[in-house]
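A.B. asks: Mind having a look at this structure? Questions to follow.
The values are calculated or read from the model by the stated rules, or taken from the named source; none is laboratory data. Nothing here was measured: the structure is a model prediction, and the numbers come from that model. Glycine gets a Cβ as well: all are built from the backbone with ideal geometry, and neighbour counts include every protein chain shown. Keep in mind that these areas ignore ligands, DNA and RNA; they rest on the heavy atoms of the full protein, side chains included. Shrake-Rupley method; radii C 1.70, N 1.55, O 1.52, S 1.80 Å.
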Amino acid sequence: MTERILILNVSGIGDFIDSTPALRFARKMRPAARISLLVSEKAYPLARTCPYMDEVISVPTSSGRSIPRLPDLPRWLKQIRQLRGQFDTAINLYGVASRGGAGWIRFLLVWSGASLTIGSNIGGLAPFYDRRLEGDAVPPDQVEQAVRILSLLDGSVLPEKQGQPELWIDTNTLEVSRNWVRSLPGSPIAVFLGGERRTRHEEPVRAEAWLAEIQQHWKVHPIVIGTTSDPGLPPNTHVEHTDLRGKSSLEKTAAIIASCSALITTHSSPQHFATIWNVPTVVLVGPGDAARYRPHLDAERLRMLRNPVVCSPCYYQDCPLPGLEKQKCMSGIPISAIVQAYSEVSQR
C-alpha cells in the first residue's frame, strides 16, 4: 500500500521558500510515497507548482500566524476536510511560537489520522510530536531547520547539507518581466518598504531620502513592489521611480526581483526571492531575527542592517514603545549606512 505523508507549512511566503530544500529531500527519501503539502493561501501561488509534491492544498491564515481569522474559519474547515484520516505520517516544518498556535497544529496532526508525527519543540511549546527536535538540536537557520526536521522521517538517511531554496516560476513570466525591466531607464532596482508586521515598515520619507541619495551617485530606477497596504514613496516625491504596489501578482513580483540589478527590502519575503536568483540585497532588519530569517547569499552580495535595541527581536504588529523610542530599531538605521550598503553589494 502506498505510504501517504502530509507536510505542514502553514506560515508565510518566506518560510515556504526556505522549506523547499526540505521538500526536495522528502521526495528523495520517499520516491514512491504520495506526499501532500499544506500551505497558507498567501504562499500557494508559489507552492502550487512544486515538482516534489503530489498535491498542494492551501488554507487561509491570519497575518503572521498559522491560525485562521474567525471570518475565514468556515473556508478553513472546508479545505482541511479532505485531509481527515488520510495519512500515515504528518510532518510540521514550521515551529510553533505560541500555545494557541501549538493547539491548531496539534489539531491538524490528529485530524490527519497520522500514526507518526514529526516536528520541532522550540521553547517547549510542542512536546506532542512522536519524533522531534529539541533544544540545541534545533538549528537557528530556517533552511537547515526544515531539512533537519525532515531527516527524522528516516534515521538511516543522513540529512542533506543546507541546500539552495528554489522556485518554479513560469519561463514566459520570467521573460516578459525581464524584458519590461530592461525597458526602464538606468539600472532598475527592486524596493520593498512594507511587510505583514508594521513594526518592520520603512517610513516613506526616510525611503525617499536614501533613494534620492543613491540616485545622486548612480543612475538607478527604483521599482517599488508590494501590495496597496505596503508603504510607498511620498505622493509628491521627486525621486524618479515606478510604483508597482498592488499591480503585480506574486509570481510576477518574484520575476521582477529576479530581473533587477539589486534589491533593497525590509526584513520580509522579498529577501527570500533574492536567494533564488542571487540578487545583490540590502535588508533593513529592524526588529527581526537576522540569524533565523535571512537571504542565503554570498557575503559580498548581502548587507543586513540593524540598529541594535534591547527589545529586538520582537514579533509585535505595532511597536508598543512611546515617543522617540517607538520603532527605533528601524528609524535608527542611518540613511548613510543604507547608501553605503547599496554601494558595497551593487558596485562590485
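A.B. asks: Mind counting the residues in region 178-215 that are open to solvent by 10 Å² or more (accessible area, probe 1.4 Å), aromatic (Phe, Trp, Tyr) and within 22 Å of residue 330 (Cα to Cα)?
C.D. replies: Residues meeting the conditions: 1.
A.B. asks: In this structure, is residue 293 at pLDDT below 90 and under 30 Å from residue 163 (Cβ atoms)? I'd like the intermediate steps shown before the answer.
C.D. replies: Values: at pLDDT below 90: yes; under 30 Å from residue 163 (Cβ atoms): yes.
It is true that residue 293 is at pLDDT below 90 and under 30 Å from residue 163 (Cβ atoms).
A.B. asks: Next up: Has region 74-91 got at least one residue that is assigned to a loop (DSSP other than H, G, I, E, B), open to solvent by less than 30 Å² (accessible area, probe 1.4 Å) and aliphatic (A, V, I, L, M)?
C.D. replies: Checked region 74-91: no residue is assigned to a loop (DSSP other than H, G, I, E, B), open to solvent by less than 30 Å² (accessible area, probe 1.4 Å) and aliphatic (A, V, I, L, M).
A.B. asks: Whether any residue in region 198-212 is under 30 Å from residue 82 (Cβ atoms), hydrophobic (A, V, I, L, M, F, W, C), modelled with pLDDT of 95 or more and in a helix (DSSP H, G or I) is what I want to check. Steps first, please.
C.D. replies: Going through region 198-212, the residues under 30 Å from residue 82 (Cβ atoms) turn out to be none.
Looking through region 198-212, none of the residues is under 30 Å from residue 82 (Cβ atoms), hydrophobic (A, V, I, L, M, F, W, C), modelled with pLDDT of 95 or more and in a helix (DSSP H, G or I).
A.B. asks: Same structure, new question: Taking residue 150 as meeting all but one of (1) touching a strand residue (DSSP E or B) at 6+ places or on another chain (Cβ under 7 Å); (2) touching a residue at least 60 places away in the same chain (Cβ under 8 Å); (3) not in a helix (DSSP H, G or I), write down the number of the exception.
C.D. replies: Only one criterion is unmet by residue 150, namely (3).
A.B. asks: Yes or no: residue 122 under 30 Å from residue 251 (Cα atoms) and under 21 Å from the mean Cα position of the chain (by Cα)?
C.D. replies: On the way: under 30 Å from residue 251 (Cα atoms): no; under 21 Å from the mean Cα position of the chain (by Cα): yes.
Against the criterion (under 30 Å from residue 251 (Cα atoms) and under 21 Å from the mean Cα position of the chain (by Cα)), residue 122 does not qualify.
A.B. asks: I need a count of the residues in region 99-147 that are among the acidic types (Asp, Glu), in a helix (DSSP H, G or I) and surrounded by 15 or more Cβ atoms within 10 Å (Cβ to Cβ). Reasoning before the result, please.
C.D. replies: To start, the set of residues in region 99-147 that are among the acidic types (Asp, Glu) comprises 130, 134, 136, 141, 144.
Narrowing further to those that are in a helix (DSSP H, G or I): 136, 144.
Still in the list and also surrounded by 15 or more Cβ atoms within 10 Å (Cβ to Cβ): 144.
Total satisfying the criteria: 1.
A.B. asks: Another one. From the list 242, 228, pick out the single residue that is farther than 30 Å from residue 29 by Cα, of a type in the set (Val, Ile, Thr) and in contact (Cβ under 8 Å) with a residue 40 or more places away in the chain.
C.D. replies: Residue meeting the stated conditions: 242.
A.B. asks: Moving on to the next point. Looking at residue 295 and the list (1) open to solvent by 60 Å² or more (accessible area, probe 1.4 Å); (2) farther than 25 Å from residue 205 by Cβ, which single condition is not satisfied?
C.D. replies: Unmet for residue 295, out of (1) open to solvent by 60 Å² or more (accessible area, probe 1.4 Å); (2) farther than 25 Å from residue 205 by Cβ: (1).
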